[in-house]
Amino acid sequence: MKLLSVNVGLPREVEWKGKIVRTSIFKAPVPGRVRVAKLNLEGDQQSDLSVHGGIDKAVYAYPSEHYPFWRQELPGMDLPWGVFGENFTTTGLLEETFHIGDRFRVGSAEFIVTQPRMPCFKLGIRFNRSDMVKRFLQSGRTGFYFAVLKEGEVAAGDSIELLEKDEHNIPVADVVNLYRGDAANQELLRRVSELPSLPKSWRDYFRKRQWNPDD
């Protein structure tokens, strides 16, 4: 497992559907070692803190393995590392094979997987496609967020070391599939709604989707 690219970006204003929108979706690779703090990377900043950023969404990672799929889906479009708004472009980490709550070391920093990424309309701005959010979610290739357990420095080329697997063994992909509509799996809904490493807003959402056996 390896970190292929470290990508950062600052807020900018762009025109979208006749309105001016402030967004930080435009990320670009940076060379050298980059400082990782509790809320974001050095040189990176979120635009709308009501839905982006925070302790549980400090660093967004996206598997490089998904890029070939998108190159087929979006022929002729330039897709450099960071195009999905990710801070880390990774290899060897897939949503199906690691879990909410797994802990990793990258460089001198340590991280915990907290949740998948649910895209907002600004992903459509980055690709100049109104259908991009829907396509992204339908693909299941969402990427995932890290919270920062230990501040440090990272750089492209650093290895990603698994420090500890979460005992609940719930892959990121299972959470994505539940969100996409797998409400029939009530046992998984119950397990996910009780998952301590998943942010409270997610747990509350899945708790509300459980069937009440008394109804």
Restricting attention to the stretch 1-46, the residues that are closer than 13 Å to Lys122 by Cβ, touching a residue at least 40 places away in the same chain (Cβ under 8 Å) and assigned to a strand (DSSP E or B) number exactly 4
Can Val175 be described as in contact with a Pro (Cβ under 6 Å, 6 or more places away or on another chain), among the aliphatic types (A, V, I, L, M) and either assigned to a loop (DSSP other than H, G, I, E, B) or in contact (Cβ under 8 Å) with a residue 24 or more places away in the chain (or both)?
-> yes
Do any residues in the stretch 59-82 that are farther than 16 Å from Leu3 by Cβ have Cβ atoms under 9 Å from those of residues that are part of a loop (DSSP other than H, G, I, E, B) and not basic (Lys, Arg), where the two are at least six apart or on different chains, and which pairs are they?
-> Trp70/Met77; Trp70/Leu79; Trp70/Val83; Trp70/Phe84; Arg71/Met77; Arg71/Leu79; Met77/Val83
If we keep only residues of the stretch 117-126 that are in a helix (DSSP H, G or I) and out of contact with any helix residue (DSSP H, G or I) (no Cβ under 7 Å at 6 or more places or on another chain), then the residue surrounded by the most Cβ atoms within 10 Å (Cβ to Cβ) is Lys122
Leu163 fails exactly one of the following numbered conditions: (1) among the aliphatic types (A, V, I, L, M); (2) surrounded by 15 or more Cβ atoms within 10 Å (Cβ to Cβ); (3) more than 15 Å from Thr89 (Cβ to Cβ). What is the number of that condition?
-> (2)
Qualifying position, being surrounded by 12 or more Cβ atoms within 10 Å (Cβ to Cβ), outside any loop (DSSP other than H, G, I, E, B) and either among the aromatic types (Phe, Trp, Tyr) or out of contact with any strand residue (DSSP E or B) (no Cβ under 9 Å at 6 or more places or on another chain) (or both), among Arg135, Arg129 | Arg135
With respect to Val172, determine if the residue is touching a Phe, Trp or Tyr at 6+ places or on another chain (Cβ under 6 Å) and among the β-branched types (Val, Ile, Thr).
-> yes
Among the residues of the stretch 107-122, count how many are among the hydrophobic types (A, V, I, L, M, F, W, C) and at pLDDT 95 or above.
-> 4
From the options Thr97, Thr114, Thr142, residue that is surrounded by fewer than 20 Cβ atoms within 10 Å (Cβ to Cβ) and either touching a strand residue (DSSP E or B) at 6+ places or on another chain (Cβ under 8 Å) or in a loop (DSSP other than H, G, I, E, B) (or both) | Thr97
Exactly one of Ile20, Ile55 is of a type outside the set (Gly, Ala, Ser) and within 16 Å of the chain's Cα centre (by Cα), and that residue is Ile55
Do you know which of the residues in the stretch 55-94 that are within 20 Å of Gly157 (Cα to Cα) and small (Gly, Ala, Ser) is surrounded by the fewest Cβ atoms within 10 Å (Cβ to Cβ)?
-> Gly92
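The values are calculated or read from the model by the stated rules, or taken from the named source; none is laboratory data. Every value quoted in this text rests on a predicted model; they were computed, and no experiment measured them. Backbone-built Cβ (ideal geometry, glycine too); neighbour counts: all protein chains shown.
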